[in-house]
Amino acid sequence: MRRPAAVLAALCVLVALALVAVGLTQRSSLAFTLGVAPAVPAAEIAAGQTVCQTAIAVPERFDRVAVWLKPSGGGGPALEALVRDRTSGLPVIARGTLPAGYREGERAIPVDAVPAGRDVDVCLRNRGTGRVQLVGNADAASRPTTAYVEGNPTLTDITLVFERSPRSLLAQAGAIADRASLFKLSWIGGWALWVVAALVLLAVPALLVRALRGVQ
Amino acid sequence: MSESITQTDPSPSRRRRVPGALAALLAATAILGVAWALILPGWQAPDENSHYGYVQSLVDGPGLPGEPDRPLFATEQSRAADAVNADQTAASLVTRPEWSRTAFERWREAERELPDAQRSDGGGQNAARSNPPLAYLLYAAPYAAAGGGGVFDRLVWMRIVGVVWLLVTVAATWALAGEVFGRRPLFQLAAAALPALAPMPTFISASVTPDGLLFALWTVALWLGVRMLRRGLTVRSGVAFMAVVGLACWVKATSYALVPGALLAFAIAAWRVPGGRARVALPGLAALVAVVGGWLVTARILARPASQQLTSAATASGLDVRELGSYLWQFYLPKLWFMQDFFPSVPMGLPVVDVILNGAWARFGWLEIEFPGWVYWALTVLTLAVAVAAAVAVWRARTTLDRGVLAFLALVALTLVAGLHWQEYQLKLSSGAPFMQGRYVLPLIGIAGLASAAALRLVSARLRGLTLAGMVGGLFALQAFSLALTLERFYA
């Protein structure tokens, strides 16, 4: 069984290498989400109107905001995105524009970079002539935040996804371990996920090789 | 399979020792199970919220869930689910669980302020309420032991108990293969590697659900049934087998599908007893009646549905044989032009592949996490190849194999699949809703393990070791990539 065990060991090494390769080539631009599943029309804005999703804690830097849009009629009206800092009197700290003419679906609006640690409102102002619906969910979807149209609560939340320049999954490994350790056993941290990864990639193959050797 | 008959049993002391290969496989299984338990965000497995709510209702009050006037879940669970963004994340690839440390610290603060009463104000009609209580009673131990910790501590410890059930499934598959193929560790490893390393049994067992215990008890029952057939019915073997079959009925109504096969195996084993059949057989039958009857009586006293799925399916009206035939045809074969479409949600492909095979191999979270399509094609081809090879192996051994064993295993598998089809057919007629899921056939994982080992027998002895290395390596690859896929979906 020496040869089969060697083959299995080689296969396990290949698996680890393949995981590293995928981790290097697979990229993600997600910074964080508001955590609102896009299910229903959550707000509608006419020409000149503004919708704001308020009180959003920013755990990671972002420079794009993705929204789910349903324009009425043909192409959607131009939208201006404004990010306001709640901690210092709501000045606009980032802005960007979505040109008119988009179709229904997810659209990412580039904005100036917003650093982590801020508490912000994200507003979309209709700069065109047509109307557009923003997709989101009930107000309970994201408890700390809520959506307002022209200052009036909509009792809904808008689906917002915050993005940044794409990074490989491997480059995010530390962040992934930290995130995965939250809301689990109270005494573990990101280190525990590193231990688990080491056990899965080193100890499990060793044990499987041991098992294969043991059946000769 | 005749080789097993001529095997000499090892000495009793050697028999009691766990074989090194099995111990290593169990250790690997435990690591993978704990990895799943830690990686999965709270309540991101099918109905995990309902199963957790059932246990919380049992331990903290008001008792068995199902009260129509009460909330589905206790306030503590609902607030924890909000904090981790469980409901919005469920089945929605766009959303993520909460991953801000600030939000986590805020939850920890809020959790400390929650009064005890908010742990006992659930108990409503959650989706798990009609399940029998055995799995939930077992989950109550880690729940209570971790009671001083937070909600998520309790959830993770409950998941880890599920990993123990997976270890039972793996060990029972090893033992089952030992009965079928004789004590030949190579075949035992080939069989047990499937529940140990295939990702779906690990994912399901490492989440809070009665299904993990169901897999374990079904596999133990299969082992004890085959053992009884191979070694002969004794009072002990009969009682043990029937008691386990009965216990499985305390876990999920699905287990009633185990009863016809169990009765057949028992009848065959009793028939083989040379004399005094009644004396040997009656205690086993009494054990089945006592354990299953115990649940039926308990359910009646507590005004619970003892076998809701069974009774609703049995009492359903409006059987149209042609329609049922059409449904079954479309499940396994391409729909013909004149047939009513029973599976509009599976426009391409076949439900048996899309729902059963793909779902039994790898579909995680609330089933929204999937591999690219080509992975499932490869898995389908491999599965079919193993199934055909196993059938050829059985055919070749037809003159020597124990037909009682074959009849027992076949009837168990057929009854489960037939029951699932009947249930889904009724649901399709009443609401059009799909019911079938790949994980529903996982109680048969022990039989699938036997098929893998049987397929290996077709390989020449010289190449068996290498083939087994390929099988184990392939399963490990699938498992590792499943973990990575799940990490990416939730945290990247």
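When the charge dipole of the protein assembly as shown is built from unit charges on Cβ atoms (+1 for Lys and Arg, -1 for Asp and Glu) and taken about the Cα centre, the candidate among B:Leu229, B:Thr399, B:Val239 whose Cα reaches farthest toward its positive end is B:Thr399.
Taking 0.36 nm per residue of separation and subtracting the Cα-Cα distance, full extension of the segment from B:Met339 to B:Leu406 would add 20.6 nm. The C-alpha radius of gyration of the protein assembly as shown, expressed as a fraction of 2.2 N^0.38 Å, stands at 1.04. Projected onto their three principal axes, the Cα atoms of segment B:47-149 cover extents of 38, 31, 26 Å, largest first.
Heavy-atom accessible area for A:Tyr148, with the other protein chains in place and a 1.4 Å probe, reaches approximately 70 Å². In the protein assembly as shown, a dipole from Cβ-located charges (positive for Lys and Arg, negative for Asp and Glu) runs towards its positive end, and of B:Leu288, B:Pro71, B:Ile39 it is B:Leu288 whose Cα lies farthest in that direction. For chain B, the direction-averaged projected area of the alpha-carbon convex hull comes to 25.1 nm². Counting only other chain Cβ atoms within 10 Å of each residue's Cβ, the peptide B:85-98 averages 6. In sequence order, segment B:97-103 has phi-based couplings of x, 4, 10, 8, 5, 4, 5 Hz under the Karplus curve 6.51 cos²θ - 1.76 cosθ + 1.60, θ = phi - 60°, and Gly or Pro positions carry x. In this view, the solvent-accessible surface of B:Thr298, computed with a 1.4 Å probe and all protein chains in place, comes to about 40 Å².
Between helix B:211-231 and chain B there is an angle of about 10 degrees, using the helix long axis and the longest principal axis of the Cα atoms.
Summary value for segment A:30-165: 43 percent relative contact order, contacts being C-alpha pairs under 8 angstrom separated by 6+ residues. With a 10 Å cut-off around each Cβ of A:7-15, the average count of Cβ atoms from other chains is 5.
Projecting the Cα atoms of B:Phe342, B:Ala269, B:Leu367 onto the dipole axis of segment B:225-382, where Lys and Arg carry +1 and Asp and Glu carry -1 at the beta carbon, places B:Ala269 farthest toward the positive end.
Peptide B:470-478 has a mean of 5 when you count, residue by residue, the C-beta atoms of other protein chains within 10 Å of its C-beta. Shown for the protein assembly as shown: cysteine residues without a partner Cβ closer than 4.7 Å, namely A:Cys12, B:Cys249.
The residues packed around B:Ala81, meaning those with a beta-carbon under 12 Å from its beta-carbon, carry a net charge of -3 if Lys and Arg are +1 and Asp and Glu are -1. About its Cα centre, the dipole of segment A:30-165 is roughly 200 debye, where the only charges are +1 on Lys and Arg Cβ and -1 on Asp and Glu Cβ.
Other residues within the sphere of radius under 11 Å centred on the Cβ of B:Tyr327, judged by their own Cβ, net out at -1 (K and R +1, D and E -1). Estimated at the nearest 10 Å², the accessible area of B:Ile31 is 30 Å² with a 1.4 Å probe. Net charge dipole, segment B:114-195: roughly 220 debye, given to the nearest 20, about the Cα centre with Cβ charges of +1 for Lys and Arg and -1 for Asp and Glu. Note down the net charge around B:Pro46, summing +1 for each Lys or Arg and -1 for each Asp or Glu among other residues with Cβ under 12 Å from its Cβ. That works out to -2. Between B:Val352 and B:Val381, the FRET efficiency estimated from the beta carbon spacing at R0 = 22 angstrom works out to 0.95. Peptides B:49-60, B:356-367, B:391-402 ranked from most to least packed by the mean count of surrounding Cβ atoms within 10 Å: B:49-60, B:356-367, B:391-402. Taken along its three principal axes, the alpha carbon spread of segment A:30-165 comes to 39, 29, 27 Å, from the longest extent down to the shortest. The angle between the Cα long axis of helix B:134-145 and the main principal axis of chain B comes to about 50°, on a 0 to 90 degree scale. Charge dipole (Cα centre; +1 on Lys/Arg Cβ, -1 on Asp/Glu Cβ; no other charges) of the protein assembly as shown amounts to roughly 3100 debye.
The values are calculated or read from the model by the stated rules, or taken from the named source; none is laboratory data. Computed from a predicted model, the values in this text were never measured in an experiment. Virtual Cβ from ideal backbone geometry, glycine too; neighbours counted across all protein chains shown. Side chains are part of the model used for accessible areas, which takes the heavy atoms of the whole protein and leaves out ligands, DNA and RNA. Shrake-Rupley method; radii C 1.70, N 1.55, O 1.52, S 1.80 Å.
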